[in-house]
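Each value in this text was obtained by applying a stated rule to the coordinates, not by laboratory testing. These numbers come from a predicted model, not from an experiment. Here the Cβ is made from the backbone with ideal geometry for all residues, glycine too, and neighbour counts use every protein chain on show.
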Amino acid sequence: MTPSAFGTRAADRALPLAIGGAAALIALLFLIYPLSSAVLGAFVKNGQPVALANLTLANFERFLVSASYQRALWHSLATGAAATALATALSLPMAYAVARVAMPLRATILGLSVLPLISPPFIGAYAWVILLGNSGIFTSLLRDYLGIGLPSIYGFFGVTVALALSYFPYVFLVLQGAFAAVDTHIEEAATVAGASRWRVLRTVTLPMILPTVAAGMLIVFIKAIGDFGIPSILGGEYQVLPTLIYYQIHGFFNLNGAAAIAMVNVALTLLALGALAWINRTRSVATVSGTARAAARPLPAPLRGVAIAYVWLVLIVANLPQAVTVLYSFSERWGGTLLPSVYGFENYRRIVGEIAGPAMNSVVLAGAATLICLVFGAVTAHAVARGRIAGRWAVDLIVMVPFVLPGLVIGVAYLVAFNEGPLVLTGTATILVLAYFTRRVAFVFRSASAAIFQLDRRLEEASAVCGASWATTMRRVVLPLIAPALLAGGILVFATLIGEISVTVLLYSARWKTLTISIYEYLLGNDIAKASALGTVTILLTFALVAAASRLAGRNMADLFR
Amino acid sequence: MLSIRDLTKTFGAPPNAITAVDRVSFDVARGELFTMLGPSGCGKTTTLRMIAGLEPVSGGAITFDGRDYTRVPPQQRNIGMVFQSYALFPHLSVFENAAYGLRTRGMAGAEIRRRVDEVLRALRLDAFAARQPATLSGGQQQRVSIARALVYRPSMLLLDEPLANLDAKLRVEMRAEIRRIQREFGILSLYVTHDQEEAMAISDRVALFNAGRLVQVGRPREVYRAPASLFAADFIGRANFFRAMLAGGDGPSGRAALPGGAIVSAARIVELSPEEAVRVPAGADGLLMVRPESVTIGRAGAGVSGRVMRAESLGGAMRYTVSAEGALGAATVDAWRADEEFAEGAPVVLAADPAESVLYLRKRGSP
């Protein structure tokens, strides 16, 4: 019973501490420091150093005096609210139908419903021009056959429609889960008491899931007001806060002004987050039982048919942009006709010589960020789950805040923090990798947390008692058991980073141009064909990766985004 | 020898600290199977986890063969532990589960194979070596976890409610198996259970815990026959309590007068702690405790009179529930001799076997 017999070194005991310390340092340097720099920068005039004497509200005054600032704020609120309303209106009946109506191919439906989330929103944005633009497919159809004129796709109408259809899965998935989880005995009690189906829905079911509806709506709102890709393509002169930030930086390199706009954007997001937290607290009181049960109830055949048709209609419409992108990528001539007149691989041939570099860059940057996410996410998740880190809420907050904050805000924060001062990273690959990591570590953290939560901690105790050091226990017991969840989280990070634009657009340099930047440049250069070909490649790649992740995790694709 | 001295565990910070284990002391000798018994929340599992090194010690000391283990991490204690949930590594085969502790010790492959084969044979698991834990029955999984704990010849074996997840019949088989293996390996073992029957059956000595304190230590028979407190009498087996007046006594034994005038010369006298003394009814000096099988039931004679409320057959014995004069609650009598049966409602007289009676006194004194 001499300790030397086990090869247990004092260093083994220090290892968890060292890793915890490193995690804290990373959080401090790359999460807290940039965000607080941006906060401070927002209160200093452009070009001035941060100091007490320099503090000013001048950057915010623009919101009082500049019409374009006021419009951008108003546009963000208007498109955010309208997109949220539209997404909710589409999702409510759809969620109810999928959860409660005997629906063939339910798993497929759920899987398809997250396609708009998987494919980078801005890639599909241009497809709306093809569909609903001045000479778009639907615009012509409606005008020629029904005499209905659509509003211009550029501006409020287009941004709202594209945002709503890109982000509706968030509210749909939350609602579908809630409808499926409501204790049907409560509804049956109402039915037995004499209430009609409609009355049960109105007086029992909907009130019960109301907090959930609100929670889902807030997620859509947060995503919508943070989106850059869609308004940058469909906005035109119609600016929102993220595009305003972009032009402040790309037009004037006014970092401090951009930081101030970002703070307004952050304030809106935090407001919505606060409301979400409040709702989530009250939500637990509502009688939504955790065990989802088969709640499908018989419905008259015609009604059931309507429900099924509706669900598929929404799915098809929401996935139209992706479909159009693919269609366009294979079209060699498309003018004056409803559909392309000549198909071929010409567009792919044209991009073949140009994508190697950006594709390589995307893979390298996303890959490096994914690796960091995996290590950091797994270690912190384990430390938090096993109570080694005090203040669980603080870790949650640090991980989750960059995840929900608009990408452009993170971009601005990184620019402000790392453009000068002790650590200059602007223009490097490192700054992109770190910003990616900051934005996406939550995916790995959450999936690892869930896996570790389900792991009997006695397994680790048994390993320790058997003489295994902390590192051995990690390597031989914990890691093998949470590997599928880690891998799924990692793939999700990688896939969504391949399609990332809003951070990239602020932080990329000529040397580190990514796939999404290439697509963006093609779109700005009005080379829709090339953009579609590259967009199709990106969509298919991300889709294949997410499908692989869902197989690994043994879960429906939809569950990866819940 | 394992020595536990004033072992204490408090959770939370003062003033809201909760003392889960309160100054517990005991010694366990080599080769002994020592059971910590008590109701849930009594501190027995926390004590075991502190001995394992899985729970930081708030106070006191743990020494093994003279070496201080109080702050030694679990990896360096060379202990084997068996968990209630088995805690088998689900991704490793039975062989690899058993080999785990040898691999952490950096043993050579051939030696590992020899040692694992040996321990699997001893536990009759040799046929399952290549199987995954999930494909085994509960009893087999428990044997694998014992194999994993024993393979590296630990200096002690800790078992935390190892049978709680098994069904009743398997539990009885497995406890005999654990006892057999423990004797075969001659290993100092600490066993935690809340099941007093299990504790009686398996242990060399039993330590009874209540509310974080060790209330009594002794051989199973000893604890059963001479419970040191009302709690111990109640928790271990069934106990009948009768109000009693002290009718003289000297040394460890004493005479008690029961209601109705019968005098019992109780073999033991125990003075009650202030907390338990309040359970003695007003007007009595104490309580006479006697086990159901040590009560004689008859139609007449000296004793406490009562009436049979329920008569049930236990197979070998008849169990009578009797509403008796001066009894706390209903009295239970197990009559093993079948020469006479009593119907429900029959008037009876109960007599306590003096040799098996314990007199609990509120306060020791002369009559």
The protein assembly as shown: calculated mean residue ellipticity at 222 nm from DSSP helix runs of at least 4, using -39500 (n - 2.57): -17000 deg cm²/dmol
Neighbourhood net charge (14 Å Cβ-Cβ; Lys/Arg +1, Asp/Glu -1) for residue A:165: 0
Cα centroid separation, region A:183-222 to region B:198-241 (Å): 56 Å
Antiparallel bridges, percent of DSSP beta bridges restricted to the protein assembly as shown (to nearest 5): 75 percent
Sequence-separation-based contact order of region B:238-361, relative, with Cα cut under 8 Å and 6+ spacing, percent: 34 percent
Peptides A:68-74, A:20-26, A:254-260, B:11-17 ordered by average Cβ neighbours within 10 Å, highest first: A:254-260, A:68-74, A:20-26, B:11-17
Reference-scaled alpha-carbon Rg (2.2 N^0.38 Å with N residues) for chain B: 1.18
About the Cα centre, charge dipole magnitude for the protein assembly as shown (Lys/Arg +1, Asp/Glu -1 at Cβ), debye: 620 debye
Exposure proxy ranking, count of Cβ atoms within 10 Å, fewest first, for B:337, A:551: B:337, A:551
Mean-position separation - Cα centroids, region B:1-77 and region B:301-349, in angstrom: 44 Å
Cα gyration tensor shape of region A:16-113, rounded if a/c is under 1.5, else prolate or oblate by comparing a/b with b/c: oblate
Number of partner chain Cβ atoms within 10 Å, mean per residue of A:467-480: 4
Percent RCO, i.e. relative contact order, over region A:208-264, from Cα pairs under 8 Å lying at least 6 residues apart: 23 percent
Mean-position separation - Cα centroids, region A:58-91 and region A:230-279, in angstrom: 9 Å
Listed residue (B:72, B:200, B:165) projecting farthest to the positive dipole end of region B:2-225, Cβ model: B:72
Anchor residue B:44: aspartates and glutamates whose Cα lies under 12 Å away (excluding residues fewer than 8 positions away in-chain): B:22, B:160, B:161
Unit charges at the beta carbon, dipole of chain A: most positive-side option, A:465, A:205, A:232: A:465
Total formal charge among the other residues, if their Cβ is under 15 angstrom from that of residue A:94, Lys/Arg +1 and Asp/Glu -1: +3
Cα gyration tensor, region B:288-349 - rounded (a/c under 1.5), prolate or oblate: rounded
Region B:207-287: relative contact order in percent, alpha carbon pairs under 8 Å with at least 6 residues between: 23 percent
Least to most buried among A:126, A:33, A:343 (fewest other Cβ within 10 Å first): A:343, A:33, A:126
Shielding by partners - mean other protein chain Cβ count within 10 Å, residues of B:94-103: 3
Directionally averaged projected area (convex hull, Cα atoms, region B:1-48), nm²: 3.7 nm²
Surface/4 estimate of mean projected area, convex hull on alpha-carbon atoms of chain A, nm²: 30.9 nm²
Among beta bridges that DSSP assigns inside chain B, antiparallel share in %, nearest 5: 70 percent
Debye, to nearest 20: dipole size of chain B, +1 on Lys, Arg Cβ, -1 on Asp, Glu Cβ: 940 debye
Charge dipole (chain A, unit charges on Cβ, about Cα centre) - positive-most of A:547, A:127, A:37: A:547
Cα gyration tensor shape of region A:148-202, rounded if a/c is under 1.5, else prolate or oblate by comparing a/b with b/c: oblate
Cβ-defined net charge surrounding residue A:531, 12 Å radius [Lys, Arg +1; Asp, Glu -1]: -1
Sequence ranges B:319-328, B:179-188, ranked by mean other-Cβ count within 10 angstrom, highest first: B:319-328, B:179-188
